[in-house]
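A short write-up of the structure that comes next.
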Number of protein chains: 2
Amino acid sequence: MQNLNSCPMIHAMNIIGNKWSPIIIYAIGDRTIRFGQLAALIDNISRKVLAEQLKSLENEGVINRESFAEIPPRVEYSLTEKGVDLLPILNQICAWGSTMQEEVVCEAILK
Amino acid sequence: MQNLNSCPMIHAMNIIGNKWSPIIIYAIGDRTIRFGQLAALIDNISRKVLAEQLKSLENEGVINRESFAEIPPRVEYSLTEKGVDLLPILNQICAWGSTMQEEVVCEAILK
């Protein structure tokens, strides 16, 4: 059983505290997207890890999964309201990452 | 060699994309803090993992480590400017985590 009294920061990190979750949420953004499109969009993620992360985020109530009984089967993902709430935060993390990258470039040039 | 042209979001996640880094940065905040104080502040983190994460964040330029030649030796940590830039973002993640926790509580009551 989850400790409901735990720090909200730790609670948040239990949901999005890994390398891929924020990237997946960011990649879905405000649209509905198919599994294959998402896999193509995110460099270096294996389909297995992507599927596991999507399942976990669906269980946490951050993303919606809708499957259509078609041939071939179609599965679409979108963010829930809670997931959409993360987008402005992830935008800021992205901007922060950008300033960190610039620093890396500068250091590489200086060396 | 790091790919300097990679997405800034992935770059950011390579630095803070794990459960503990954001929690450690958040716990340091705007003060200077000793290793033992930090270990006491963060529930459930082992001293080994804390030391590894601090080393990694120091290498990434997110935290400063200052050691004093005293007996017993004293080591203090604080955030660099880049680390301080993360604090308002982490505050928002904490607030998001709080709304997620409320939802868990409500669901637990409803069941």
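Read-outs throughout are calculated quantities, based only on the coordinates presented, and are distinct from any laboratory measurement. All of these numbers come straight from a predicted model, not from anything done at the bench. With ideal geometry, Cβ positions are generated from the backbone for all residues, glycine too; neighbour counts draw on all protein chains shown.
Observations on the model:
- Other residues lying with their Cβ under 15 Å from the Cβ of B:LEU50 contribute a combined charge of +2, Lys and Arg counting +1, Asp and Glu -1.
- Shortest-first distances to equivalent copies, position B:ALA95, nm, label 7 Å out along Cβ: 1.4
- Members of A:LYS48/B:LYS48; A:LYS55/B:LYS55; A:LYS48/B:LYS55; A:LYS55/B:LYS48; A:LYS19/B:LYS82; B:LYS48/B:LYS82 lying beyond 22 Å, as alpha-carbon distances in this model show: A:LYS48/B:LYS48; A:LYS55/B:LYS55; A:LYS48/B:LYS55; A:LYS55/B:LYS48; B:LYS48/B:LYS82
- Derived scalar couplings ³J(HN,Hα) [the stretch A:66-76; Karplus, 6.51 cos²θ - 1.76 cosθ + 1.60; whole Hz; x for Gly, Pro]: 10, 10, 10, 7, 10, 10, x, x, 10, 10, 10
- Formal net charge of residues neighbouring A:PHE68 (Cβ-Cβ distance under 15 Å; K, R +1; D, E -1): 0
- A label point on A:ASN14, set 7 Å along the Cα-to-Cβ line, lies at 3.1 nm from each of its counterparts in the other copies, closest listed first.
- Distance between the C-alpha centres of the stretch B:10-60 and the stretch A:1-79: 25 Å, rounded to the whole angstrom.
- Nonlocal amide H pairs with B:ARG74, under 5 Å, H built at 1.01 Å: B:PHE68
- The long axis of helix B:81-110 is offset from the longest Cα principal axis of chain B by roughly 30 degrees.
- Length added when fully stretched, A:PHE68-A:ARG47, from 0.36 nm per residue minus Cα-Cα: 5.6 nm
- Cβ crowding within 10 Å averaged over residues, with B:72-78, A:11-17 ranked highest first: A:11-17, B:72-78
- Computed from Cα positions, the angle between helix A:47-59 and the longest principal axis of chain A comes to roughly 70 degrees.
- Using the Cβ of B:GLY36 as centre and a radius below 13 Å, the other residues enclosed give a net charge of +2, where K and R count +1 and D and E count -1.
- Counts of other chain beta carbons within 10 angstrom of each beta carbon in peptide A:15-24 average 5.
- Per residue of A:85-92, other chain Cβ atoms within 10 Å of the residue Cβ number 4 on average.
- Distances between equivalent label points of A:ALA40 across the copies, with each point positioned 7 Å along Cα→Cβ, amount to 5.6 nm, shortest listed first.
- Chain B, helix-only ellipticity at 222 nm - DSSP H runs n ≥ 4, -39,500 (n - 2.57), divided by all residues, nearest 500: -19500 deg cm²/dmol
- Between B:ILE33 and B:GLU81, the modelled labels are 2.3 nm apart [label points 7 Å from Cα along Cα→Cβ].
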